[in-house]
Amino acid sequence: MKKFFKAVGILAGIFVAIIAVWIFHNSVYPLTTTHPNFSDVERVFNKMQFPGGWKEIDSSENRGVAGRLCPIESSTKCYHKRKLFKVENNTTQQYLGTIIKTTGCPSVSYSDEMVGGGTPYSNYTCSIEGLTVSGTLYKRPSGWEASFSVSDR
């Protein structure tokens, strides 16, 4: 009977250890990583050089779990980094395209559209290394704004 309890104890210990490793991996620090991951997003984003005269209005990022793994419940754009700038009124979408091309994108796709009320905006996008580099140039009542983002999808 003593051997039976010892075997059950060992099996229970192994089961608890597996559950503990699984919880640690999914919520504290992943033991494996996915690609692209946040370091890939940040490396591509940091290649962009923004003019010193632009005023940063907002920024956001999602690192996932320790920058290495997307949470199970995440389905889109787990890893992303974004910045929004107030830009000069004469900023063109071609100029923004040159900033995007510094990431290594071979070509940038543009689309011009109008929002309700006739407010113009331009979207630009490209793909590199399994990442999407995108952004928007649009007119607000306070002036022109440009956003830049890099995401995993």
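None of the figures in this text is laboratory data; all of them are computed from the coordinates on show. Quick caveat: nothing in here was measured; it's all calculated off a predicted structure. When we count neighbours, we look across all protein chains shown, and the Cβ atoms used for this are built from the backbone with ideal geometry, even at glycine.
Straight Cα distances below 29 angstrom link Lys101 to the lysines Lys47, Lys55, Lys77, Lys81, Lys83, Lys86, Lys139, with same-chain residues fewer than 8 positions distant left out. Please compute the Kirkwood hydrodynamic radius over the stretch 38-151, one decimal place, Å, based on all pairs of different Cα atoms. It is 14.8 Å. Sort out for me the Cα centre separation of the stretch 85-153 from the stretch 1-57, rounded to whole Å. If you average the Cα positions of each part, the centres end up 33 Å apart. Picking from Asn37, Asn62, Asn90, which is most flexible by a Gaussian network model of the chain using Cα springs under 10 Å? Among Asn37, Asn62, Asn90, the largest mean-square fluctuation in the Gaussian network model of the chain belongs to Asn90.
A Förster radius of 30 Å combined with the Cβ-Cβ distance from Ser27 to Ala7 puts the calculated FRET efficiency at roughly 0.45. Rounding to the nearest 10 and keeping the result within 0 to 90°, find how far the Cα-based axis of helix 2-27 lies from the longest principal axis of the chain. Helix 2-27 sits at roughly 10 degrees to that axis. Modelled label positions at Ile57 and Glu88, each set 7 Å beyond Cα in the direction of Cβ, lie 1.9 nm from each other.
What is the sum of charges around Gly9, taking Lys and Arg as +1, Asp and Glu as -1, for the other residues whose C-beta is under 15 Å from the C-beta of Gly9? Show your work: numbers first, answer last.
Details: positive: Lys2, Lys3, Lys6; negative: none.
Neighbourhood net charge equals +3.
Neighbours of Ser142, meaning other residues whose beta-carbon lies under 12 angstrom from its beta-carbon, give a summed charge of +3 when Lys and Arg score +1 and Asp and Glu score -1.
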